[in-house]
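Report on one structure; see the data block that follows.
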Amino acid sequence: MTLLEFASGPGLQWALWIFVFGITWRVVGAVFLLSRKDISKPRHTNTISAGLGAVWSRSSPARAFEKKIRFQHVTGYAWHFALFISVLFFAPHILFFESVLGFSWPHLPNTIILITAIVATAVLIALLIRRATHPVQRFISNADDYISIFVVLVPLVTGILAFTHFGARYETLLAVHLLSVEVMLIWFPFGKLMHMIMTIPARFQAGTAFGRRGVKA
Amino acid sequence: MRKDQNLGEYLRMQGVSRRGFLKFCSATASLMALPPSAVSQVAEALATARRPSVIWMSFQECTGCTESLTRSHAPTLESLIFDAISLDYHHTLQAAAGHGAEAAREAAMEENKGEYILVVDGSIPNGNNGYSTIAGISNHDMLIEAAENCFAIVAVGTCAAFGGLPNADPNPTGAVSVSEIIKDKPIINVSGCPPIPVVITGVLAHFLTFGTIPELDALGRPVAFFGQNIHDRCYRRPFYERGQFAETFDDEGARKGWCLYKLGCKGPTTYNACATLKWNQGTSFPIQSGHGCIGCSEPRFWDKGGFYDPISAGQWGSRDALLGAAAAGAALGVGSALAARARKKKAQAAEEI
Amino acid sequence: MNTEAMSLQDFRGKLREMSVDTPGRDLTDEDRVRRAKKAFAQKLNGHRAVDMDTCLQCGMCAEACHFYEATQDERYAPVYKFRPLRRFYRREMSPMRWFYRAFTRDITVADLKEWQHLVYDACTGCGRCDMICPMGIKISAAIRVMRHGLAGAGFVPSEMRIIRDEQRDKNTLFGVGAEQLRALVERLGAQGINVPLDREQADVMLLTTAIEVLLFPDAFAATAKILNKAGANWTIRSDAFEAANVGIITGDDPTMILAIKRIVEKASAIGAKTVLMPESGHAYQTLRWEGANEMGEPLSFDVISIPEFVAAEIKAGRLNLKTQTNGASVTYHDPCRLSRKGGVTQQPRDVLTAMGLEVRETASNRRENYCCGGGCGEFVLKSAADLRQKAFEIKKHEIDETGADAVVTGCSNCRVNLMIGADNSGWRTPVTSLVETVAANLAD
Ligand code: SF4
Ligand code: SF4
Ligand code: SF4
Ligand code: SF4
């Protein structure tokens, strides 16, 4: 079995099993740790729409804060957009997803993907540098924070290398790229990459809690 | 043709002019990726080269490789080179049969001890030696015997080089490549299913010219021919970059000659000279004729997913397994949450001021 | 009005007296850690769990906290203030605890000691950080759980411990009990302000706080005048008037529940339909939002804050206010527990504009308002004096920027803090209360 065969066969399967297993474990485990129902008299009763409102409104900082966190705000958007475009609109990736989902969607030209991937990589490196140097971020960071950056950075870099056929043979680069994605998938449920799943419930619960008090979250 | 004739004499005898010969030499040089300045050197070497003795053995094969070499039209460079060697044994081509043929083989081996080149096509059944025999001798034994005193082995075709089709899962005959049996001789893998004829002759030309083994890649293939992948040399590459793909074999994209990646082309992971040398005297090659590369020059190309599955498709495993993983995760989640809630209850119940 | 009040200087002297470091409970280290964990376990729920699991460690919350802003000390990043809780959650309560335990350090007594400073001195529970977090994490709620853990472990700062014990054991605060209230009511009676004390039946039960009785009797008098003017059927009970809850401030459950219970039982007994909270943010928050949950059943009455009450009475036409025409401007300081934690932001502004005052907003206002710097009992802590003053400077700066003639607020704690801050820095902008402003503008 070649490296590529391992990466696109058993390696991928194991990574997916762990990925799915870990996510359900963590989500179900947190959800079942239910809170007691709040029986104080609500000021507003439409908490569902307040919850959904928070999912939306927390995507951008409140006016009083915008200036202070502009760097995170801008880099945050740049990073997530560039990443999602690179991941979701590169033709070979779509074929990868199609092989499990059974459907596909239009792709973007490779040149654009190359640009977004480079932007994503550059922004992530900038965020890594900030984490390592900004007094607060450096101080509060733990291994999870760095691991989570690295397991995402490596697939990006290997992806760009594989795309440009740079540094080694294509099949080796492709295999390494796949393996790095698998490492990311395996780490995903255990580290803070889980925010991809948890963001919506977390914001939603904040929205409902603030909403029933009549405060915009 | 006499054995002691050298190649130059032989070619003149065949009516090949000096000019034709030089043309042949420069073609050979460029084939071996030598600079133009090397042409005279090649000509010199080839003109005075002694015709090497070649013993050709066919094991578990389909004869496609031999066909590939011999079915070329009219007198070609390949056939010239092919004629230039002294093919002392080839049981498909030779007139002799049975004991006479075997005797010829033994005689040639004895006469050219340590100097003959052993060409093998087909894989060797290693499960049960009885699967393939010649004159009652198993392929395995014949290979060992023939390899013992050879100068080098050329494994022609993916079967001989890597096991090929007979080796495909579940490999009923236990087929293996030459290199899995012979460990102490130089082996040159000329893979392909079949290999490009020019590549076979190119390797023989290298022997004739330099008397040495050409530079090989990690899979034992001559770098001069297998150094670059199809994708990097493919004329459809601009469409790949632009994201223009044929979706089916008869759609607009297919008609316009767009990239075949989505239709399963294995060009990006396949190393061969198809896209540069092409087939049938440079007429065309599979991608040019509208079909993706199936990766025939790579080990185990039969077993690497479907020919029509894109390279980036993954083997995701069954949905049931994924559901099972989710169920296990959910169970663990519920269990851990219940345990945590019990702990919380206990803490709340504990009276302690 | 000028009801005799303790001077700010005397009150500050009183606070200084309290800050003698009395020995706390005598507990072994293991006991302390165990008890902290027990309190954490009690307070953790799905909500906090999702919060702990979602934090990005982005550090943005630091930018919202006045203590970090004032000092640039990274230890004051809100996310760091609940770090031991997160460790506990990861190691002992989270779904993946078996996995996390391998590389998450257990909490120690040294941690608890260190965090005493971070969660009592350096956090007023104002919840400004909650408003910036991109994940919607209720950081201040997690820090409150930290206070519970520290209280369980016996790490409540001594000043807070003293007033907590006082409230729990004597039902007084700063020495203010039934007697002191009665004396104040008498003094007000002499001024012609009728306070219906200890009635057995009333629709509205008013509460007050020791701070009001001591420092701001005028605010109490103003409330009484407003209630009388509006024609309310009201009372205040000398056995259950204290709105402040040192239990919730220190993180001590028994005291918190006891203090809530005193009010709830009395209000039910006299058949009150409304409990009117005095100008005290945390008191409102406690009864309004925690009361029912701590009692385990819905309350039989509504809990209403003064701004809500006044705004509603004006709207209903029961209260008429004089309209100023002198172009006076004020800025309104949103007490965090009324605004972002209570949803009472529009009413005070409506009341102020009804009096013809120009309301000039600070750059951060309403749900994003800066804390006064000394909420959640922080103002009694001597160890926090420097921090408090630095945080106050931010507030002061924002108020100065508005150019308003005065600051009005709806919480006597905020008022004390702003006054102490002003006292320290020679700041002259008057700090006043909403009820007093309203009472001064009652139309006949
Ligand atoms: S047809 Fe195949 S080899 Fe050619 S560019 Fe497309 S993927 Fe590459
Ligand atoms: S294009 Fe690919 S599959 Fe076709 S002959 Fe060449 S190497 Fe083999
Ligand atoms: S702002 Fe929210 S997500 Fe970011 S570090 Fe603070 S608590 Fe965590
Ligand atoms: S609640 Fe207020 S004081 Fe406490 S950390 Fe958050 S912003 Fe700072």
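Based on what the data block shows, is residue C:275 open to solvent by less than 10 Å² (accessible area, probe 1.4 Å), touching a residue at least 24 places away in the same chain (Cβ under 8 Å) and within 30 Å of residue B:348 (Cα to Cα)?
Spelling it out, residue C:275 is indeed open to solvent by less than 10 Å² (accessible area, probe 1.4 Å), touching a residue at least 24 places away in the same chain (Cβ under 8 Å) and within 30 Å of residue B:348 (Cα to Cα).
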Checking residue B:297 against (1) small (Gly, Ala, Ser); (2) within 14 Å of ligand 2 (Cβ to nearest atom); (3) loosely packed, with under 15 Cβ neighbours inside 10 Å: exactly one of these is not met. Which one? (3)
Mind listing whichever residues of the stretch A:178-189 are within 10 Å of chain B (Cβ to nearest Cβ) and open to solvent by 30 Å² or more (accessible area, probe 1.4 Å)? A:181
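Table: residues versus (1) of a type outside the set (A, V, I, L, M, F, W, C); (2) open to solvent by 30 Å² or more (accessible area, probe 1.4 Å).
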position	(1), (2)
C:152	yes, no
C:163	no, no
C:167	yes, no
C:189	yes, yes
C:212	yes, no
C:226	no, no
Looking at C:186, C:114 in this structure, which one is within 16 Å of ligand 4 (Cβ to nearest atom) and without any contact (Cβ under 8 Å) to a residue 24 or more places away in the chain? C:114
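Going through the stretch A:56-110 one residue at a time, which ones are among the β-branched types (Val, Ile, Thr) and either assigned to a helix (DSSP H, G or I) or at the interface with chain B (Cβ under 9 Å from one of its Cβ atoms) (or both)? Don't jump to the end; show me each part of the working.
Initially, the stretch A:56-110 is screened for residues among the β-branched types (Val, Ile, Thr), giving A:69, A:74-75, A:85, A:87, A:94, A:100.
A:74, A:75, A:85, A:87, A:94, A:100, listed by residue number.
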Which one of the conditions (1) surrounded by fewer than 19 Cβ atoms within 10 Å (Cβ to Cβ); (2) at negative phi; (3) without any contact (Cβ under 8 Å) to a residue 60 or more places away in the chain does residue A:102 fail to meet, given that it meets all the rest? (2)
Find all pairs meeting these conditions: Cβ atoms under 6 angstrom apart; at least six residues apart or on different chains; first residue within the stretch C:310-331 and over 20 Å from residue C:365 (Cβ atoms); second residue charged (D, E, K, R). C:319/C:313
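Could you list, in sequence order, the residues of the stretch B:280-300 that are more than 15 Å from ligand 1 (Cβ to nearest atom) and within 15 Å of the chain's Cα centre (by Cα)? Talk me through it step by step, then tell me what you get.
Here is the first cut: in the stretch B:280-300, the residues more than 15 Å from ligand 1 (Cβ to nearest atom) are B:280-283, B:299-300.
Correct list: B:299, B:300.
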Read through the list (1) within 13 Å of ligand 2 (Cβ to nearest atom); (2) loosely packed, with under 14 Cβ neighbours inside 10 Å, then give the number of the only condition that residue B:277 fails. (2)
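Going by the conditions given, is residue C:134 closer than 20 Å to residue A:67 by Cβ and either away from chain A (no Cβ under 13 Å) or assigned to a loop (DSSP other than H, G, I, E, B) (or both)?
Numbers: closer than 20 Å to residue A:67 by Cβ: yes; either away from chain A (no Cβ under 13 Å) or assigned to a loop (DSSP other than H, G, I, E, B) (or both): yes.
Yes, satisfied.
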Name the residues in the stretch B:328-353 that are among the hydrophobic types (A, V, I, L, M, F, W, C) and at the interface with chain A (Cβ under 8 Å from one of its Cβ atoms), would you? B:328, B:330, B:332, B:334, B:337, B:338, B:340
Matching residues in the stretch C:368-413 - criterion: being among the hydrophobic types (A, V, I, L, M, F, W, C), open to solvent by 10 Å² or more (accessible area, probe 1.4 Å) and in contact with a strand residue (DSSP E or B) (Cβ under 7 Å, 6 or more places away or on another chain): C:404, C:406
The stretch C:318-333, residues that are outside any strand (DSSP E or B) and closer than 22 Å to residue C:221 by Cα: C:318, C:319, C:320, C:322, C:323, C:324
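For the structure I just gave you, tell me whether residue B:244 is more than 9 Å from ligand 1 (Cβ to nearest atom) and either in contact with a Lys or Arg (Cβ under 8 Å, 6 or more places away or on another chain) or more than 20 Å from residue B:297 (Cα to Cα) (or both).
When the stated conditions are applied, residue B:244 passes them.
Quick test for you: out of C:70, C:36, pick the one residue that is more than 10 Å from every other protein chain (Cβ to nearest Cβ), away from ligand 3 (no atom under 14 Å from the Cβ) and either outside any helix (DSSP H, G or I) or surrounded by fewer than 24 Cβ atoms within 10 Å (Cβ to Cβ) (or both).
C:70
The values are calculated or read from the model by the stated rules, or taken from the named source; none is laboratory data. Note that the structure is predicted; figures quoted are calculated from it, not measured. FYI the Cβ positions are ideal-geometry reconstructions off the backbone, even for glycines, and counts take in every protein chain you see. Accessible surface areas use protein heavy atoms only, side chains included; no ligands, DNA or RNA. Shrake-Rupley method; radii C 1.70, N 1.55, O 1.52, S 1.80 Å.
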